[in-house]
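The values are calculated or read from the model by the stated rules, or taken from the named source; none is laboratory data. Computed from a prediction, not measured in an experiment: that's the story for all the values here. Glycine gets a Cβ as well: all are built from the backbone with ideal geometry, and neighbour counts include every protein chain shown.
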Amino acid sequence: MDSRVLAEGLRVLWVAIRAEPWIFALAVGGAALHAGVAVASATVLGRVTEDVILPAFAQGETTTGALVAAASLLLAVGVLKGLGLAARRLYAGLMQFRMQARYRQAVARKYLDLPLSWHQRHPTGQLLSNANADVEAAWGPLAPLPMAVGSVFMLVIAAAAMLLTDSVLALVGFVVFPALAVANVVFQRKVTPVDTRAQMLRARVSEVAHESFDGALVVKSLGREDTETERFTAAAHRLRDAQIRVGRMRAMFDPVMDSLPNLGVLAVLLIGAIRIESGAVSSGDLVQIAYLFTLLALPVRSLGWLLGDMPRSVVGWRRVSAVLGAQGRTEHGRTPLDGEGGLRVELDEVGFSYVDAYQENGNATRDLSVQSPEGIEAEPRTTVLSDVHLTLASGRTIALVGPTGAGKSTLTTLLMRLVDPDSGTVRFNGTDVRELAPGEIARTAALVPQSAFVFEDTVRDNVTLGGDIDDALVWEALRLARADSFVAALPEGLDTRLGERGTSLSGGQRQRLALARALVRRPRLLILDDATSAVDPQVEAQILGGLRDIELSATVVVVAYRRATIELADEVVYLEQGTVHDRGTHAELLERSPGYHALVTAYENAAEQRVADAATEQEVTR
Amino acid sequence: MSAPAPTRPDRAEGVPTNADAAPALHRSTDSAWATLRRGLALSPEFAHGLLLTLFLALVATAGRIVVPVAVQQVIDNGLVAEGGPDIGFVARAVTVCAVLVLLTGICSYFMNARLYRATEFGLATLRRKAFRHVHDLSVLTQNSERKGALVSRVTGDVDQISAFMQRGGVLLIVSVGQLIVATVLMSVYAWQLALLTWVCFLPLLFGVRWLQKLLSKAYLAVRERTGDMLGVIGETVMGAAVIRAHGTETRTARRVDETVLATRTAQVRAQRLSMAVSPFAEFIAALAYASIVVAGVLLGIAGELTAGELVAFLFVITLFITPMIMATEIFNEAQNAIAGWRRVLGVLDTVPDIADPGPRGRELPRGPVSVRFDQVSYAYPSGPLVLDDVDLEIRPGRRVAVVGETGSGKTTFVKLLTRLMDPAKGAVLLDDVDLREVAFSSLRARVVMVPQEGFLFDSTLGENIRFARPEATDTELVEAITEMGLGEWLTGLAHGLATPVGQRGESLSAGERQLVALVRAYVADPDLLVLDEATSAVDPATEVRIQRALERLTSGRTSVAIAHRLSTAEAADEVLVFDAGRVVQRGSHAELVVRPGVYADLHASWVTSSA
C-alpha cells in the first residue's frame, strides 16, 4: 500500500473520530484497558508461577492466603479484560454503524437536493452503490480501529515489560513482532489485487445469471439452455480459479502467523534457560515472557486488518465525497401561484442542450465520466430545443407531436421545471417559474412520464404520496385512470404493498397508477408524456375519453403517437429537430405540413405497403 | 361474475400433466442433518482427497499442543533439574519442537490449500447444476419466483455454503479437534483438572447455543431493515423525476431517515449479541485459571502433579477459549449454509412440470406444420378455467391472428401451442403428434416464439441474432437482415453487427429491440412461428420496418400471432377471436368485421383509437 493511500485512509478515520469523539474515546479506552490488563495478566501469571506454584511444589506446602491471593488476582484480571473487551467491541460497532447511517442519510438527502439534470448524468447503479457499498467501505476500518490502537498500546507496554524483565529475552520479541507486522503487510499487498479480482468475477457470475434468467423465455423458446449453461459455467470457473488463488494465499498466511509466535516462545525457552543458568532471570520471568508471546499474536493481526480495509475505505470515501461535493441545486423564488383553473403557459425563446456523452446509432447514452460542473462546460453539448416560442392557453388540451428526438420529452421536463432551460424563460400565468416559491409547481402541475415509477409502498401511498387525501378521492382518481378494477382485485385493495417485496404490476397497470397519482392532485396543468403507451389501445381510448368528459379545469399537454390521442386535442404542436415547426388543429396540420402528414399517416403507410407486397407476391405465385 | 367450475384434469396414461401440481419451487423440509448430507453429496468434488485433507487437519491441530508441552518439558526436566538448568536438554527439546511447529505449519498450508481447491470445485459444480435446472423448469415455475431469488440460488446461497465450507466448517473441525487434543493432554497430566476445566466451560457452550438462536433472529432483522432502507434510497435515485414532479422531497427524506435509523438500531442490537460471547469467555477463562491454580497447587502438594505440568495447563486453557468465541460464528455459518443448501436443493428437487420426453421423444419432419387443439382445457393451479374445451385446426402455412380482451385466454392458447405449459385436459398436436411426445430439440427447432418484449443480451447486435443459430457467419446474418428488408436500417447503425445493444438491449429503442427479436426468429428458421405482438407504441419509421420484417418472417410458415394492432388482424389469413376461454369467432377479417359480435366490437374500439 503506498503512503498516499495510508495518509488518506488516516484522514478518513480522523473524520470519523472528529464526528464521534466520545464514542471513539470509549472504544479506545476499552481497548487500552483490555490491552493493559492482558499484558498485566502475563505478569500475574509469572508472579503466580514464581511465588505460589513453584514454592508450593518445592516445599510441598502452601498457605491459604497465597492461594486466595493468586485466585483473586487471576479473577480480577479476567473481569477487567472482559470489561475492556466489551467496551471496545460495543463502541467500535456503534461508531461504525452511526457513521454509516449518518452518511447514508447525507447521500440520500443530496440525491433529493441535486437537480434532475445531475441525476441524468449519473448511472443509477453507480448512485445506488455510492449510498450503500461505498458508504460501507468508507467506514469499514472503524471496526478494527480501536483494537488496532489498543494493539499498538499493548505492543508498547509489552515491549517495556519485556525490557524491564530481561533485555536479552526482549530481543526475541523485537525480532518476532516486526516479522509478524511485515508478514501482514506483505500478505495484504499480495492478496488485495487477487481478492479484488475475485470480487469482480463474483459480480460477473451474478450478472450472467441475472441476464440469463431475465431472458429465460428467449432461451427456452430457442432451445439454448446448453449454450447458456456453458456461458455461466465459464464465468463460474473463472471465479473458482480466482478463489483458489486467494485461498492458497490465505493458506500460506495463516500458518506463518501461527508459527512465528510459537517459534518465539521456543526461542524464549532456550535463551531463558541460558539466562536462568547465569542467574539473570527467574523461571517466573520466563513464563511471563513466553505467555506474552502467545497473547500478542492476535492483536498484531488487527493492524493487518486495519491496513487491509484501508484501500477500499479510501476508494469508497472518494466516491461518497464526490456525491456530497456535487454542485448545483434548484433555486426558488417566493412568488405564490394564486388563482384557479387551467394554467396559462408561455415559453419564450427557450433553448436546451445536454452534455454529449457519446452518440451510438442516434441514442445518446448517459454520461459516465463527468463529475464536476466545470467538466460539463468543457464537454460538447447536443442541442435538444432551440428558440421555442409557445403559448398554451388556459384549459386547452394540446398534443405534442414529433418524430423521435424532436425534443418532446425535454419540453415536458422544462414545463415541470425538472430542468431549467439554457436560455429563455418558462412562465406560468405570466410568472417566470424560477420566481415561484418552492413546492408551487408540484402543487399545481403534474407530469405522468412514459416509464411509470412505483414506490415500494401501498397502493394508497403510491397515489397520495403521503398526502392527506380521502379514500373516496383516491378511488375516484383510480377510476378515471381505469385502474380501479385491478386495484379492487388486489388482495388487500388500497393497502396492498407494491414493489420488490410486494405485488408486481404490469407495465400498463403501472402507467395507470401513475396517472391516478397525477389526477388525484387535481392539477391545473397536466402533462402526459406518452403516459399510456403500455395500455391496450381500447383502454387508452376509454381513459382519454374519460378525461375529456369530466370537467377537468386544467391545461393538458399530451405527448402522443397514436392518432386517436392526437385527435382528442384542441390543438396540435408539431415539433421537429428541437423547434416548433407548426401548430394548429389536427386537420390544419394534416393539410399544410408534409412532415406531420407523413408522421401521422405512417401507420396507414405501413398497412398499404403490406397490401402492395401481398399483391406482388400473389402475382409472382400466379 | 360466475366462473365455470374447474374440472379435474384427465390424465392420459403415461403422459405427464401439470395442472394439479403447484408450479412453485420445492420447499425442502429435510432435517438439517439430511440437508447437509445431501448437499455434500451434490458435489462429489468435496470428497476428493478428503482423507488426506482430514489427516493433515489432524496433524495441524495436534501441532497446537507442541508449545504447551515444550513449556512443561523445559520447566520440569530442564529448568528445575538438579544442579541448575540442563541447557543440553532444553536445546534438544526446543529443536524438536521447532521442527514440529514447522511441520505442522506446512501441514496446515496443504490442508487449507487442498480444502479451498476441493470446495471451490464442488461449489462451481453446484452453481452449474442449479443454473441448468432453473432453465429446465417451466415458465410457470420460473415466474412463480422473483428473478432475484432465482439468481440467489446460484450466487448468494452458494456463497453462504462456501463461507461454511472454507471457514466455519474448518473452524468446527479444528475447534473440536483442539478441544479433544487439549482434553486428552490435560487428562494425561491430571484428570481432575481436566474435569474442572470442562465444568467451567460447559455452561458457556450451552449459553452460546442459546445466544446464537437470538443472534440469527437479529441478523434476519438486519437483513430485512437493510432491504427496506436500500429500497427507499433507491427511490431517491430511480424516482428522482417523480419525487421532483410531485414535490415529495420532504416525505422521501423522512422515509430515508426512518429506514436508515431502523437499520442502525437493528445493526447495533445484532452487534451487542454477537460480541457478548467474548467477554464471557474471558470471565470463564479467568475462573478456570483461578480454580486450576488452587486445585493444581493442592494436587501438586499431594504429589499428583509436577510444577511444569501445572504451568502447561495454564497454556492449554487458551486452547479452550478460541473455540468458545468462535462457536457462535460457527453455528451461524452452519445455519446459513444449511439454509443455502436447502434453497439450492429446493431448486434441484423441483421436478420440471414440462419435461423432455427423453429417448422416446419423436422428431417432427421439416416443412410447414399443421396445428390441432383437441378439446383442450387449461386452468392455472387452484384457479378457474382460462381455456375451456378449445377444439380447432390450423392448416399448414396459414397466417393466423389471435384477438381478444385481456384475460380471454389468448395468451394461454399461445403458451400451450409452444409447450411452455401442458393442457390440463385434451392435447395439442403438431402434424398430428402430441406435443408432449415431441423431443425438445425437435420442438425448439421447429416452433419458435417471439415474446412481447424483445429481450436482448448485453452483447453486440450480431451476437444477439446469432443466439438463434450459433454457427451462423456474419455474412449469413447480414443476408438474413437484408432478406427481411432491414438492410438500410443495419447500414444506418454506426457499427453494424458490432453495435453494442447495452443491458437488456436498452441502448436500442423498444422498436429496434423488437426488430432484432424478429431477425433472431428468422435466423432460427422455424416451421411454426408464434408471436406475441408488442403493445407499446413505437415511432412510425420503426413501425414500418417491423411490419415489413413480420411480413417476410411469416411468409412460407405457419404463424400464430396475438394481435394488438388492427393491421395485424387485417393482414392475417384467419382471425381467431377469444372470449372467456373459448374461440367464439373464426374467419377472415373481412368476414368477421361485418358480422355483429366480439370481433366487430373490438374492431370498433381499435378504429377509434388508431385510425
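Annotations for the structure displayed:
- Being of a type outside the set (A, V, I, L, M, F, W, C), touching a Leu at 6+ places or on another chain (Cβ under 9 Å) and within 8 Å of another protein chain (Cβ to nearest Cβ) holds for only one residue in A:Arg240, A:Arg275, A:Arg248, and it is A:Arg240.
- Which listed residue, of B:Val369, B:Val448, is within 14 Å of another protein chain (Cβ to nearest Cβ), buried (at least 20 other Cβ atoms within 10 Å of the Cβ) and touching a strand residue (DSSP E or B) at 6+ places or on another chain (Cβ under 7 Å): B:Val448
- Residue satisfying all of: in the stretch A:273-290; crowded, with 24+ Cβ neighbours inside 10 Å and out of contact with any Ser or Thr (no Cβ under 8 Å at 6 or more places or on another chain); farthest from B:Thr318 (Cα to Cα) among these: A:Ala273
- Some residue of the stretch A:61-74 being within 20 Å of A:Ala158 (Cα to Cα) and touching a residue at least 24 places away in the same chain (Cβ under 8 Å): yes
- Residues that are more than 13 Å from B:Arg419 (Cβ to Cβ) and not small (Gly, Ala, Ser) within the stretch B:370-384 comprise B:Arg372, B:Asp374, B:Gln375, B:Tyr380, B:Pro381, B:Pro384, listed in sequence order.
Yes/no matrix, rows are residues, columns are (1) at the interface with another protein chain (Cβ under 9 Å from one of its Cβ atoms); (2) out of contact with any helix residue (DSSP H, G or I) (no Cβ under 7 Å at 6 or more places or on another chain):
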site: A:Lys81; (1), (2): yes, no
site: A:Met99; (1), (2): no, no
site: A:Tyr103; (1), (2): no, no
site: A:Val107; (1), (2): yes, no
site: A:Pro115; (1), (2): yes, yes
site: A:Gln120; (1), (2): yes, yes
site: A:Pro123; (1), (2): no, yes
site: A:Leu169; (1), (2): no, no
site: A:Phe174; (1), (2): no, yes
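- Odd one out for B:Gln547 among (1) within 11 Å of chain A (Cβ to nearest Cβ); (2) of a type in the set (S, T, N, Q); (3) over 30 Å from A:His597 (Cα atoms): (3)
- Screening A:Glu225 on (1) under 22 Å from A:Leu54 (Cα atoms); (2) at the interface with chain B (Cβ under 9 Å from one of its Cβ atoms); (3) among the acidic types (Asp, Glu) shows it passes everything except condition (1).
- Test: residue in the stretch A:100-112 that is modelled with pLDDT of 90 or more and within 30 Å of B:Phe280 (Cβ to Cβ): yes
- Residues being modelled with pLDDT under 85 and within 16 Å of B:Thr61 (Cα to Cα) - total across the stretch A:262-286: 0
- Considering the stretch B:222-324, the qualifying helices (runs of 4 or more DSSP H), each wholly inside and each with 3 or more residues that are polar (S, T, N, Q) and out of contact with any Cys (no Cβ under 8 Å at 6 or more places or on another chain), run over B:249-275.
- Any hit, the stretch B:278-285, residues being of a type in the set (S, T, N, Q), modelled with pLDDT under 85 and crowded, with 18+ Cβ neighbours inside 10 Å: yes
- Looking at B:Glu533, B:Glu506, just one residue is within 29 Å of B:Ser441 (Cα to Cα), modelled with pLDDT under 85 and surrounded by fewer than 21 Cβ atoms within 10 Å (Cβ to Cβ), and that residue is B:Glu533.
- Restricting the stretch B:234-274 to residues that are under 30 Å from the mean Cα position of the chain (by Cα) and of a type in the set (D, E, K, R) leaves a set whose member that is nearest to the other protein chains (Cβ to nearest Cβ) is B:Arg264.
- Search result, residues across the stretch B:334-369 that are over 30 Å from B:Asp434 (Cβ atoms) and among the polar types (S, T, N, Q): B:Gln335, B:Asn336
- A:Tyr561 vs. criteria more than 13 Å from chain B (Cβ to nearest Cβ) and outside any helix (DSSP H, G or I): no
- Options B:Gly407, B:Gly454; residue that is out of contact with any Ser or Thr (no Cβ under 9 Å at 6 or more places or on another chain), more than 10 Å from every other protein chain (Cβ to nearest Cβ) and closer than 30 Å to A:Glu540 by Cβ: B:Gly407
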